[in-house]
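To start, the structure under review is shown below, and the notes come after it.
The values are calculated or read from the model by the stated rules, or taken from the named source; none is laboratory data. Owing to the predicted nature of the structure, the values given are computational and were not obtained by experimental measurement. All Cβ positions, glycine included, derive from the backbone under ideal geometry; neighbour counts span all protein chains shown.
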Amino acid sequence: MSPLRPIIPQLGARRRRVIGSALARIAGRVAIGLLLSAGVAFAQQPAASPPDEASLERLREREAELSKSLQQLDWKSEYATVAHAVRNVFEQNRWNSPSDKYALELTLEVAEIPPWRFADRMRLFMDRVSQRYDLTTEQRDLLQQGIFREMTSTVLAHGKTMFAHAGEALETRLAGKPFTSDQVARWVKESDTLFASVRASADRLKNELAATMTPEQMKTYQQDVAAFDRRLQRISDMRDMWRLGKWQPDDWGLADDPIHRNAAGAMNEPSAQSAPSIPPPSKPAMIGNTGSMVTVELPKRWLPYDPDTWVAYVVEQRERFQFDAAQIDAAESIHLELRDRAKDYLKGHEDEAQAVPLSERASHPAYEPVRTLFAELQERLESIPTTAQRAKAEQ
């Protein structure tokens, strides 16, 4: 039986196949990003009714518009931004368990395929998941049918919101404009029902697959599900902040994105006490199982009064002393702690801080607490290298 049959039962076989194919393709192009982030697809409404011809035509038109807009993107360049942002989000949230690392690797590998090639993305996704859990043919078919069922039903129930948000996000990106906290707050409020459905859908798909698994398969699966639930709960918690207009680019890993960095302006403004320029450090990132590499650009200099730039100092120290993995983790933990404290201070003194011209922030009293935290960052990172690493760095 077709996975779409419960949704459109009264239609003839040929029309059912046509509508099912169209809806699945439409759903896939809009939903694949959330599919990757969550690890499962969207929500099934229990009593979804079949679309009439006019509704289906409107969906086709919106899908065509979205596909056309997507193909205006230079996906190779855009993917580098996406990959860097996703890695940042995982690092910032300490999603570093083996299951988290698998989810990150899978997300990046699938996202490397342009979004308008949905069939290729879906095929790779299913291949990797099947390999991960050693799924039988029957289990793979069950999961794939469930995903398409959930996607299709979600387009019927939430297509208007999905298309509106996806289209607005693409238009913003193509125009070279940054996302704003007000824009994200509106998206969150308008997608509350959709997000609740995502969670319900995730539970359905997880339970359906788990019911077919052997004890051996369940060992890895249960670990992955627990990690997935933690990530989804973190997203839910962050949505509560975004709803209040407290979204920031680094919440989505976009602090280093040129569009958002240029909008902030701090990176390109001279200060009264210029921080030393350092060569733009490159961070090669292995993408999935493909072996391909992308190079992402980090801030070119650090500014004591701007916590978003402190990562450049951390990278400078890391490369200077050739930190090992444990030292890198320690340095990043210190960096995130102090950066967050500095940003919390700036949020609490936003009016006073914003009133200070950029050229005065390196010495203005309003920024003294931030500069003090940067000095603490320098001191604590300086304690990480071993005597041998210091000696080698001086050579």
Item to check | Segments classed as helices (runs of 4 or more DSSP H), wholly inside the stretch 91-193, with at least 2 members that are over 20 Å from LEU209 (Cβ atoms) and at pLDDT below 90 | outcome: 118-133, 137-174
Next on the checklist: Which residue is surrounded by the most Cβ atoms within 10 Å (Cβ to Cβ), if the candidates are limited to the stretch 200-215 and must be touching a residue at least 40 places away in the same chain (Cβ under 8 Å) and not aliphatic (A, V, I, L, M)?
Outcome noted: SER201
Checklist entry - Does GLU138 satisfy being touching a helix residue (DSSP H, G or I) at 6+ places or on another chain (Cβ under 6 Å) and closer than 20 Å to TYR221 by Cβ? => result no
Next on the checklist: Pairs please, first residue from the stretch 247-268 and at positive phi, second anywhere and in a helix (DSSP H, G or I) and modelled with pLDDT of 80 or more, Cβ atoms under 8 Å, 6+ apart in sequence or on different chains.
Outcome noted: GLY253/HIS84; GLY253/ALA85; GLY253/VAL86; GLY253/ARG87; GLY253/ASN88; GLY253/VAL89; GLY253/GLN92; GLY265/LEU358
Checklist entry - Considering the stretch 299-353 alone, what residues qualify as being touching a Ser or Thr at 6+ places or on another chain (Cβ under 7 Å) and either part of a helix (DSSP H, G or I) or hydrophobic (A, V, I, L, M, F, W, C) (or both)? => result TRP302, LEU303
Checklist entry - Out of ASP324, ASP351, which single residue is under 20 Å from ASN96 (Cα atoms) and without any contact (Cβ under 8 Å) to a residue 24 or more places away in the chain? => result ASP324
